1. Here are some conditions: (1) open to solvent by 60 Å² or more (accessible area, probe 1.4 Å); (2) among the aliphatic types (A, V, I, L, M); (3) closer than 25 Å to L217 by Cβ. M64 meets all but one. Which one does it not meet?
2. In segment 79-89, which residues are exposed (fewer than 11 other Cβ atoms within 10 Å of the Cβ) and either in contact with a Cys (Cβ under 9 Å, 6 or more places away or on another chain) or in a loop (DSSP other than H, G, I, E, B) (or both)?
3. Only one of I124, I105 is at pLDDT 95 or above, assigned to a helix (DSSP H, G or I), buried (at least 17 other Cβ atoms within 10 Å of the Cβ) and not aromatic (F, W, Y); which?
4. Looking at this structure, is L187 within 23 Å of the chain's Cα centre (by Cα), more than 30 Å from T88 (Cα to Cα), touching a residue at least 40 places away in the same chain (Cβ under 8 Å) and open to solvent by less than 70 Å² (accessible area, probe 1.4 Å)?
5. For the condition in contact with a Cys (Cβ under 9 Å, 6 or more places away or on another chain) and not aliphatic (A, V, I, L, M), what is the one hit in D106, D118, D92?
6. Residue check: is N215 over 22 Å from H26 (Cβ atoms), open to solvent by 40 Å² or more (accessible area, probe 1.4 Å) and modelled with pLDDT under 75?
7. State which residue pairs qualify: first residue on the phi < 0 side of the Ramachandran plot and inside segment 94-109, second residue β-branched (V, I, T) and at pLDDT below 90 in any location, beta carbons under 9 Å apart, and separation of 6 or more residues or different chains.
Amino acid sequence: MPRYAQLVMGPAGAGKSTYVHTVEQHYNVLHRKVHCINLDPAAEFFRYEVQCDIRELISVDDVMEDSELKFGPNGGLVFCMEYLINNTEWLDECLGAVEDDYFIIDCPGQIELYTHMDTMSRFIKTLESWGIRVCAVYLLDSQFLVEPSKFIAGMCSALSAMVQLQLPHVNVLTKIDLLSAKDKDNLDRWLDPSQLTLEGILTKTSNKRHANLSNALCKLLDDYSLVHFVPLNIEDEDSIGDLCLQIDLMLQINEDAEPRGPADLQDGDTESGFGDETT
């Protein structure tokens, strides 16, 4: 059976580490074992149980302190990711070779790694060569809804990542629980926004000198018709479950799962604990 992996991406502050911890806890309740991987060489704190941590191989501090390299934080992070790509035997040994493993990979928040550099594309090809089926989970902070121009920029970066990585892909609006009641009421129009919706909002909030550019960006997003969002409220178990089910479907986990009888289920488990299939 294949192995599976979520690549959790998005801008810094989008809630990637919180997402990994939340999904880990959700799957634990369903008695589904997942392995959390930290690929952020500048990470300082996360709450999930980590199986592989890139900082054991190399960290941004190591690179910045090297007097010969003389990299800053951004250059140091890119160097660390390139170093990982050139030393994948470390990750291969760390991941092991157990069938049906499920990895949730917490990636750095440097957008250029996904939008126009080939670093992550090469990393994905490595995972696929190990028999790991990969999908992309792109997170965007729902607080961007407060400023429509930021939301458009976020949509463009999500689209760029989709085109660059060529993976089964889901875009997630995080921190829904932090939205005001008014913004929650208007949330639906942001999940699958049309060109007219985007143009109407930008017309009211953007500089008129940028109207043609704004309209062109809205048309681009509408023409591709690829950027849709799934809302995630980490305080709502149904919201978490709906997103996890969608990711299971993308990874085709249901199709690979072995049929299970009542004797195979642990206490408190249900048939929906793997892929939410019912009989």
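The values are calculated or read from the model by the stated rules, or taken from the named source; none is laboratory data. Keep in mind the model is a prediction, meaning the values are calculated, not measured. Cβ atoms come from the backbone with ideal geometry, glycine included; neighbour counts cover every protein chain shown. Note: accessible area is taken over every heavy atom of the protein model, side chains too, but ligands, DNA and RNA are not part of it. Shrake-Rupley method; radii C 1.70, N 1.55, O 1.52, S 1.80 Å.
1. Of (1) open to solvent by 60 Å² or more (accessible area, probe 1.4 Å); (2) among the aliphatic types (A, V, I, L, M); (3) closer than 25 Å to L217 by Cβ, only one is false for M64: (3).
2. To start, the set of residues in segment 79-89 that are exposed (fewer than 11 other Cβ atoms within 10 Å of the Cβ) comprises 86, 89.
N86, the sole residue that qualifies.
3. The unique qualifying residue is I124.
4. On the way: within 23 Å of the chain's Cα centre (by Cα): yes; more than 30 Å from T88 (Cα to Cα): yes; touching a residue at least 40 places away in the same chain (Cβ under 8 Å): yes; open to solvent by less than 70 Å² (accessible area, probe 1.4 Å): yes.
Criteria met by L187.
5. Working: D118 fails: in contact with a Cys (Cβ under 9 Å, 6 or more places away or on another chain); D92 fails: in contact with a Cys (Cβ under 9 Å, 6 or more places away or on another chain).
None of the other options fit; the residue is D106.
6. Details: over 22 Å from H26 (Cβ atoms): yes; open to solvent by 40 Å² or more (accessible area, probe 1.4 Å): yes; modelled with pLDDT under 75: no.
So N215 does not fit the description; no.
7. Qualifying pairs under 9 Å: Y102/I253.
Condition check ((1) within 24 Å of G13 (Cα to Cα); (2) among the hydrophobic types (A, V, I, L, M, F, W, C)) across all residues:
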residue: L167; (1), (2): yes, yes
residue: N171; (1), (2): yes, no
residue: L178; (1), (2): yes, yes
residue: L220; (1), (2): no, yes
residue: F229; (1), (2): yes, yes
